[in-house]
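The values are calculated or read from the model by the stated rules, or taken from the named source; none is laboratory data. Being a predicted model, the structure only gives us computed values, none of them experimental. Cβ: placed from backbone, ideal geometry, glycine included. Neighbour counts: every protein chain shown.
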Amino acid sequence: MEPQLLHSVTDGVATVVIHHPAKRNAMTANMWEALPPLLDVLAADPGVRALVLTGEGGTFCAGADISTLRGSPEQAQTLAVRAEEALAAFPKPTLAAVRGHCVGGGAQLAAACDLRFADQGALFGVTPAKLGIVYPASSTRRLTSLVGPGTAKHLLFSGELIDAERALRTGLVDEVLPEGELDKRVTEFTRLLVSRSQLTQAAAKEFVNGRTDRDAYWAGQARGSGDAEEGVAAFLERRHPRFSWTTSAERRGRVAP
């Protein structure tokens, strides 16, 4: 099978699989280019309420396929940044499920997700110093916001790999699971995400990511959604809520920039 991004949707959760096992799921130029339009399709699907990014087999992503860097590293980096930014802008909750190596461009993609759950054997590294590449400013800021300046400098200056426990301590990872437990935990957690209010999640994602100028917009969405009334009614009636607000392409088209 050619290197590619595979995807499926089950019970409201889209799963995108980085598939290039011959090179530990390294991202080719074509794979970087394919990610933004794939994310657009999944974002527009009202049946998708959360997204999981993972790698084929026992590796998340070993970075960029170095053969695609020959002659035009700047172009390859531009493609990687576009893919990373598209993932960060995905309007629904995103989670990276990490096994094995999560290095270079793989770490960029994981950092662009809202959350990162890792197998206890996972290894993380940010490795531009090994190649003489200047790490993009946007990627550096995102990494620093997760792990702080000291750890960001350690990772960027050294290119050293760190284990999952250290990644957890620094904030690069949100949960570390014992061997064999990652898939179960990801399934349980995404099932929980799907049951929650998309309105709350979408507004929270914007605010946490730094866009704080849309209180009035989100207040209007809340008033018109009926989600709060449904949430209170479900609580009082001891049942699961049936929230109606959805992050659809049509709704996103009405959002003021």
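Scanning the range 144-159 for residues that are surrounded by 13 or more Cβ atoms within 10 Å (Cβ to Cβ) and of a type outside the set (Gly, Ala, Ser) gives Thr144, Leu146, Val147, Thr151, Lys153, His154, Leu155, Leu156.
Please verify whether Glu229 is exposed (fewer than 12 other Cβ atoms within 10 Å of the Cβ), in a loop (DSSP other than H, G, I, E, B) and either touching a residue at least 24 places away in the same chain (Cβ under 8 Å) or more than 23 Å from the chain's Cα centre (by Cα) (or both), treating the condition exactly as stated. Criteria not met by Glu229. The set of residues in the range 190-225 being in a helix (DSSP H, G or I) and hydroxyl-bearing (Ser, Thr, Tyr) consists of Thr190, Ser195, Thr200, Tyr217, Ser225.
Quick grid of which residues meet (1) surrounded by fewer than 21 Cβ atoms within 10 Å (Cβ to Cβ); (2) in contact with a Pro (Cβ under 7 Å, 6 or more places away or on another chain); (3) at pLDDT 95 or above:
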position: Val41; (1), (2), (3): yes, no, yes
position: Ala50; (1), (2), (3): no, yes, yes
position: Thr59; (1), (2), (3): no, no, yes
position: Ala88; (1), (2), (3): yes, no, yes
position: Gly104; (1), (2), (3): no, no, no
position: Ala107; (1), (2), (3): no, no, yes
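Any residue that is closer than 29 Å to Ala203 by Cα, of a type in the set (D, E, K, R) and part of a helix (DSSP H, G or I) - is there at least one of those in the range 99-114? No, because not a single residue in the range 99-114 is closer than 29 Å to Ala203 by Cα, of a type in the set (D, E, K, R) and part of a helix (DSSP H, G or I). Tell me yes or no: at least one residue of the range 61-74 is closer than 22 Å to Asp119 by Cβ and surrounded by fewer than 17 Cβ atoms within 10 Å (Cβ to Cβ). Within the range 61-74 (the criterion being closer than 22 Å to Asp119 by Cβ and surrounded by fewer than 17 Cβ atoms within 10 Å (Cβ to Cβ)), the answer is no, since none of the residues qualifies. Scan the range 23-36 and give yes if some residue there is part of a helix (DSSP H, G or I), assigned by TED's automatic domain parsing to the domain that holds Val134, under 23 Å from Leu182 (Cα atoms) and of a type outside the set (S, T, N, Q), otherwise no. Yes: the range 23-36 contains one or more residues that are part of a helix (DSSP H, G or I), assigned by TED's automatic domain parsing to the domain that holds Val134, under 23 Å from Leu182 (Cα atoms) and of a type outside the set (S, T, N, Q).
Each residue in the range 115-149 was checked for being at pLDDT 95 or above, under 16 Å from Val81 (Cα atoms) and in a loop (DSSP other than H, G, I, E, B), and 1 of them qualify. A Cβ distance below 8 Å, combined with a sequence gap of six or more or placement on separate chains, defines the contacts here; from the range 132-149, residues that are in the same structural domain as Gln77 (by TED's automatic domain parsing) reach residues that are part of a helix (DSSP H, G or I) and charged (D, E, K, R) in the pairs Ser138/Glu84; Ser138/Glu85; Ser139/Glu84; Arg142/Glu84. Under the condition of being loosely packed, with under 15 Cβ neighbours inside 10 Å, under 20 Å from Arg142 (Cβ atoms) and among the small types (Gly, Ala, Ser), the residues counted in the range 185-224 number 2. Here Val41 qualifies as free of Cβ contacts under 8 Å to residues at least 24 places away in the same chain and under 18 Å from the mean Cα position of the chain (by Cα). Within the range 171-184, one or more residues are under 25 Å from His240 (Cβ atoms) and either part of a strand (DSSP E or B) or modelled with pLDDT under 95 (or both). Once the range 167-180 is narrowed to residues that are surrounded by 15 or more Cβ atoms within 10 Å (Cβ to Cβ) and not β-branched (Val, Ile, Thr), the residue that is farthest from Gly125 (Cα to Cα) is Leu177. I'd like the residue in the range 13-25 that is in contact (Cβ under 8 Å) with a residue 40 or more places away in the chain and more than 20 Å from Glu85 (Cβ to Cβ) and, out of all such residues, is surrounded by the fewest Cβ atoms within 10 Å (Cβ to Cβ). Ranking the candidates gives Lys23 first.
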